[in-house]
Amino acid sequence: MQRRHLLLAATAGLAAPALPRLARAQGAVTMRLSHQFPPSHQHATILAAFAERVKAKSQGAIDVQVFPAEQLAKAGENFPGVARGAFEAAAAVNFQWGNTLPEMNVLTLPYLFTELERIRKFPGSPAAQYLEGLLQKRAVRNLMWLYTTRQAIFTSNRKPIIATEDFKGLKIRGLNALTDHALTAVGAAPSAMPGPEVPQALQSGVLDAGLTDVSAAVSRRFYEFQKFGTVTPWFCVFTHVYVNPRWFDGLSPAHRAIIAESAAQAERDQIPLTEDVAARALAELKAKGMAVHEQTEAERAAWSGAMQKPVVDAFLKLAPEGGARAIELLRAL
């Protein structure tokens, strides 16, 4: 795999059948992995399976201890914790890097990167390698890319949000300061808000409309207080797992190979799992009584024409050095 050269360079001469024997010879290794997702989330499932796979491949020599739901560190504490070596690994949603690494927002630009076949090509691609290079400059090394979502749902309780004109005057949940440019461009008033706080804000009238991915709309029971939902491939989100490079480089070649190969398997397993979770979530929203509108091609083109350019312009200002290159590489997939 092209992207794995940073992780596997020192293991090129090892035969796969010899890895468990060599792993046992190196002694026990502990890898603490912090993430924010609840145990029921598909990422928590994949990371638990990753830990079991590493344990089995190493015959117990590598102990991956996964800490879900911010049990080890808060989401905002993960990057400094891994960079300093307080623990070995963590997961982050790509847009959580914000101004620290603005190029990571490229994946979430509206309507830029939402086709499943292109998403499948991302891990190991030049686009992924480019972002991984930027991460290394921040003293962490990327280990895996976990596809999170490509479908957003815009919900409301008064009327469906179908045309761009339907956004005018709506107080709506935003994602972050960058993507909120798309919402203000169509006349909405976005308010950045953590996902768990959105249901109460919608029920109390603090917000008129919600924005989330289809799976979260089910887990947070939007169907109980929102009559309408419009589903659209508005954004793509990846969660990625990164490690402390000093710790990783200090492992034996056999241990590095086991971890990297198991991470690559997790990347492959995540794509069909996420698609299945989204399909089941969409069916459940409909079954629970929400009037769900799946956006047509013409509607998608209208939304993209109004929303994408303001966000891209803001992104290029936020990431003047690498933003254009990141967009170019994604569009090439």
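The values are calculated or read from the model by the stated rules, or taken from the named source; none is laboratory data. Bear in mind that the values here come from a model prediction, so they are computed numbers and not experimental data. Counting neighbours? That spans all protein chains shown, and the Cβs are built from the backbone with ideal geometry, glycine included. These accessible areas exclude ligands, DNA and RNA; they are computed on the full protein's heavy atoms, side chains included. Shrake-Rupley method; radii C 1.70, N 1.55, O 1.52, S 1.80 Å.
Each residue in region 61-91 was checked for being touching a strand residue (DSSP E or B) at 6+ places or on another chain (Cβ under 6 Å) and either buried (at least 16 other Cβ atoms within 10 Å of the Cβ) or under 22 Å from Ser40 (Cβ atoms) (or both), and 14 of them qualify.
So, in region 185-222, exactly how many residues are of a type in the set (Val, Ile, Thr) and touching a residue at least 60 places away in the same chain (Cβ under 8 Å)?
Start the filter on region 185-222 by keeping residues that are of a type in the set (Val, Ile, Thr), which leaves 186, 198, 206, 212, 214, 218.
Next, only the ones that are touching a residue at least 60 places away in the same chain (Cβ under 8 Å) stay: 186, 212, 214, 218.
The number of residues fulfilling the criteria is 4.
The condition of being touching a Gly at 6+ places or on another chain (Cβ under 7 Å) and crowded, with 17+ Cβ neighbours inside 10 Å holds for only one of Ala216, Ala209, that being Ala216.
Going through Leu170, Leu135 one at a time, which residue ends up being open to solvent by less than 50 Å² (accessible area, probe 1.4 Å) and over 22 Å from Pro320 (Cα atoms)? After ruling out the rest, the residue left standing is Leu170.
Scanning region 43-60 for residues that are among the polar types (S, T, N, Q) and surrounded by fewer than 22 Cβ atoms within 10 Å (Cβ to Cβ) returns Thr45, Gln59.
Per the conditions (1) surrounded by fewer than 24 Cβ atoms within 10 Å (Cβ to Cβ); (2) closer than 30 Å to Ala298 by Cβ; (3) of a type in the set (A, V, I, L, M, F, W, C), the sole criterion not satisfied by Ala182 is (1). Going through region 224-263 one residue at a time, which ones are surrounded by 20 or more Cβ atoms within 10 Å (Cβ to Cβ) and without any contact (Cβ under 8 Å) to a residue 40 or more places away in the chain? Across region 224-263, there are no qualifying residues. Filtering region 307-318 for residues that are in a helix (DSSP H, G or I), β-branched (Val, Ile, Thr) and outside the structural domain of Pro110 (by the TED database) leaves a non-empty set.
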